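Okay, so here's the structure we're looking at.
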Amino acid sequence: MKIWHSEAHQEHNNLSRAQNPHNMECPERVSIILAELQSRGLTNIVAPDTFSLEAILRVHDADYVTFLETVHQDWCAEGNSGELLPDYSHGAARGAVPRELYDRIIYYTLTAETTISAGTYSAARASADIALSGITEIYNGAPYGFALCRPPGHHAPFDQFGGFCYFNNAAVAAYHALKLGADRVAVLDIDYHHGNGTQTILEAEPNIFFASLHADTRYAYPYILGRSEEIGIGAAEGTMQNYPMPDYTGDDVWREALRSALERIRNYDPDIVLISLGVDTFIGDPISNFRLESDDYLHYGAMIAGLGKPTLFVMEGGYNLEYIGINVANVLEGFLQD
Ligand SMILES: [Zn+2]
């Protein structure tokens, strides 16, 4: 299995974890996953190609992209230093873009736990390039691959950052597959948290099916969207399925939701399947409360392989540093052994 990886993510480092202990999205996540993959013989690790902004601008607002590129420098020019951590968020409501820098920062903030450092923009671009490299190769005939993206992407909607996400890597890759010539793509999000950004980007797109397995957003981040009644809008009605699950969900309930989502995807008959792969469903995850165990991930990988579709795994969340590598490698190994 080819694994796309870039060291650019190292420059996106949440040094403010002391003041913001909820931010567990650290560079070590990637190095631990890489080490585990290599220890299991998954050593085909390659650098991504560099893509123009065109692919990102298919799903993100141009002013928002410019904001991400320039905000840290502008903020430092006003006498600040270190990492930018928004004081509060604007939430999902939109309106006119404010002129003042601090107001613009809030406007583009979906939720206020996500920092911007000097290397965030280049890391986010490299992360999107990783997903784009993967999807290009899958479109061109590779049967599977793993886009080791960091920062993750599934919380980022059209023009906001939050939930440790800046560019929605999975949505960018899905639209790129359509641009290349795919007729239909499916995105299956198995992160603990609902892929609110992916949903809002895809909810009116009939050629991309979106399914998400996640903690019920009435009590879990991102606290918006993710209800089972949300099934797509307009021509895309029926191309979306959410599986909200209660506190302390274990393998039995989660596996049944996965089985159902895979059946929906099988019926949709996509050319390519993208898996938004989060392993914060793990019983030992520090910011989540599902109860999936390491061995369970082997079965999930095998179930996904059962679709028999060209598949790109795109890395999202997972914060238990002792087990993140084991759990990710188990999904991939289960997939390969099917
Ligand atoms: Zn998550």
Report task. For region 222-229, indicate whether the set of residues that are farther than 21 Å from D295 by Cα, in contact with a Phe, Trp or Tyr (Cβ under 8 Å, 6 or more places away or on another chain) and of a type outside the set (D, E, K, R) is non-empty. Result -> yes
Report summary line: Checked region 111-135 for anything within 16 Å of the ligand (Cβ to nearest atom) and crowded, with 24+ Cβ neighbours inside 10 Å; matches are T114, S127
Requested in this report: For region 193-207, enumerate the residues that are within 14 Å of the ligand (Cβ to nearest atom) and open to solvent by 10 Å² or more (accessible area, probe 1.4 Å).
Outcome: H193
Report task. Give just the number: which of (1) among the hydrophobic types (A, V, I, L, M, F, W, C); (2) open to solvent by 10 Å² or more (accessible area, probe 1.4 Å); (3) in a loop (DSSP other than H, G, I, E, B) does L178 not satisfy? Result -> (3)
Query raised in the report: Quick check, is I138 among the β-branched types (V, I, T), farther than 22 Å from A55 by Cα, crowded, with 16+ Cβ neighbours inside 10 Å and modelled with pLDDT of 95 or more?
Result: no
Query raised in the report: From the residues in region 52-67 that are open to solvent by less than 10 Å² (accessible area, probe 1.4 Å) and among the aliphatic types (A, V, I, L, M), which one is nearest to T120 (Cα to Cα)?
Result: V65
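Taking region 308-323 only, how many residues are open to solvent by 20 Å² or more (accessible area, probe 1.4 Å) and in contact with a strand residue (DSSP E or B) (Cβ under 9 Å, 6 or more places away or on another chain)?
Residues of region 308-323 open to solvent by 20 Å² or more (accessible area, probe 1.4 Å): 308-310, 320-323.
Now restrict to residues that are in contact with a strand residue (DSSP E or B) (Cβ under 9 Å, 6 or more places away or on another chain): 309-310, 320, 323.
Qualifying residue count for the region: 4.
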Query raised in the report: When E11 is evaluated against the numbered criteria (1) farther than 30 Å from I135 by Cβ; (2) at pLDDT below 95; (3) surrounded by fewer than 16 Cβ atoms within 10 Å (Cβ to Cβ); (4) touching a helix residue (DSSP H, G or I) at 6+ places or on another chain (Cβ under 9 Å), which criterion, by number, is the only one it fails?
Result: (1)
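The values are calculated or read from the model by the stated rules, or taken from the named source; none is laboratory data. All values reported here derive from a predicted model rather than from experimental measurement. All Cβ positions, glycine included, derive from the backbone under ideal geometry; neighbour counts span all protein chains shown. Protein only, heavy atoms only, side chains kept; ligands, DNA and RNA dropped before computing areas. Shrake-Rupley method; radii C 1.70, N 1.55, O 1.52, S 1.80 Å.
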